[in-house]
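Working notes, beginning with the structure itself.
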Amino acid sequence: MQASLSLEEVTEAALDRSVYPSPPDLAMLFLREDDRLVLQGARPELLTLCRKEVQVSMGECLCGLALEAGKPVYSPDIHEDPRSTLTACKEWGMRSFAAMPLWGGEGVLGVLGLAWAAAQDVEAQANFLETSVGEIAMGLNNALLYRELQQHARELDRRVRERTEQLQVANKELEAFAYSISHDLRAPLRAVSGFAQIIARRHKAALNEEGRHYVDNIVLASERMAHLIDDLLTYSRLGRQALKLRALDLGKVVKQAIDNLTDRVEATGAIINLPGDWPTVFGDQTLLQQICTNLLDNALTYHQPGVVPELRLTWSMEDGQIILAIADNGIGIPPEYQEKIFNVFQRLHSDEDYPGTGIGLAIVKKSAIMLGGQVWVESEVGKGSTFYIKLPKE
Ligand code: ADP
């Protein structure tokens, strides 16, 4: 019986399958609710039909007394017993009675009421009865604990869903905010950069060296800011665009991404190893393109000085999902940054050492999540990094 965790099955076993000294003519299983007992099930079954209405107060009749005392209450003949105050069992023709408390970890969980039509010395069977009932109590205890656990799990699930919804709303608001700010910043920035370029072009000769240095800095800084704003716009646009999900040839997407980076590949002399065959993945062409382009771009950017970048692309299947791996022989990423780099504006180098905005990997992560996938990195400083993207297959 202890193997079952369902309250219904434990009740059934207590009433139908338990071994009693002589099979009772009436069996009732009450569960404790505060200071009363509520009928959970009975045999014969007629009582079960009205089970919510059948309640016994603490101290009332034999079962209520067993609840109060936490000890069995035996009666050889309830018709002669002044403690037997309720009439139902007598009306059903019962005479001897055993009210057995069911003990659990935190006290009495309920009471099992067993009745026989014959008057008899039930207490003489006390040992046997208490052993059977101990087993039932253990099963009941497990079932109630399990029910509580399930209630907690449901509550937790409800709360997680509620929080997730709140987070999604907050996220959307933040995205809309980032989008409108970036959008509005473009016009004044264009003016700053435009005028700085005019000064640089037309009036440079009139400036002294210090003036020229400042103008050059303004031009560079405004170009960098324009890049940042463009990347931020791309990032915040991601959550706003509708996905066009379909089966895609991953090889075609990767090759297109490499084509987009032809200039970088040629400039670095990079070697790119590709697998012989490619799987089909389920995704959105634009997002997938963005993921591959950003990862390949980084693999070409963060190479060791004086070492030709060597990239190796492979793929594998896991749990019905495709994992694309992009490995490089670059500078690597210290372990403490391997998660942080996927956050917006998280960079590990100055713009002079390696140019960038720190948004590329945030775009990759967001795109992967939107496609129902995930992204992570394994890396060793001085040896290289491998970025993995898990994507649903068809
Ligand atoms: P960005 O490249 O514009 O700086 P990313 O979000 O693409 O922004 O990358 C964030 C940081 O992660 C980079 O600044 C770099 O320090 C590190 N990183 C990304 N890819 C690699 C790589 N393949 N090898 C080493 N470091 C990398």
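Which of the residues that make up region 323-347 are near the ligand (Cβ under 10 Å from one of its atoms), of a type outside the set (Gly, Ala, Ser) and at pLDDT 85 or above? Give the steps one after another, and end with the answer.
Initially, region 323-347 is screened for residues near the ligand (Cβ under 10 Å from one of its atoms), giving 326-334, 337-338, 340-347.
Keeping just the survivors that are of a type outside the set (Gly, Ala, Ser) gives 326, 328-329, 331, 333-334, 337-338, 340-347.
Ile326, Asp328, Asn329, Ile331, Ile333, Pro334, Tyr337, Gln338, Lys340, Ile341, Phe342, Asn343 - these are the residues of region 323-347 that are near the ligand (Cβ under 10 Å from one of its atoms), of a type outside the set (Gly, Ala, Ser) and at pLDDT 85 or above.
Of all the residues that make up region 105-133, how many are outside any loop (DSSP other than H, G, I, E, B), small (Gly, Ala, Ser) and at pLDDT 90 or above?
Count: 6.
Determine if region 84-100 includes at least one residue that is under 25 Å from Tyr146 (Cα atoms) and either buried (at least 22 other Cβ atoms within 10 Å of the Cβ) or not β-branched (Val, Ile, Thr) (or both).
yes
If only one of Gly358, Gly384 is modelled with pLDDT of 95 or more and within 8 Å of the ligand (Cβ to nearest atom), which one is it?
Within the list Gly358, Gly384, the selection yields Gly384.
Over 26 Å from the mean Cα position of the chain (by Cα) and not small (Gly, Ala, Ser) - does that describe any residue in region 156-178?
yes
Please state which one of Ala170, Ala196, Ala205 is small (Gly, Ala, Ser) and either within 30 Å of Ala325 (Cβ to Cβ) or in contact with a Ser or Thr (Cβ under 9 Å, 6 or more places away or on another chain) (or both).
Exactly one residue qualifies, and that residue is Ala196.
Residue pairs, Cβ under 6 Å, 6 or more apart or interchain, first in region 358-376 and assigned by TED's automatic domain parsing to the domain that holds Gln321 and closer than 15 Å to Val344 by Cβ, second within 11 Å of the ligand (Cβ to nearest atom) and acidic (Asp, Glu). List them.
Ile359/Asp231
Name the residue, out of Asp297, Asp319, that is within 22 Å of Ser367 (Cβ to Cβ) and free of Cβ contacts under 8 Å to residues at least 12 places away in the same chain.
Asp319
How many residues does region 253-304 contain that are within 16 Å of the ligand (Cβ to nearest atom) and not in a helix (DSSP H, G or I)?
Counting residues in region 253-304 that are within 16 Å of the ligand (Cβ to nearest atom) and not in a helix (DSSP H, G or I) gives 8.
The values are calculated or read from the model by the stated rules, or taken from the named source; none is laboratory data. Since the model is a prediction, treat every value here as computed from it, not as a measurement. FYI the Cβ positions are ideal-geometry reconstructions off the backbone, even for glycines, and counts take in every protein chain you see.
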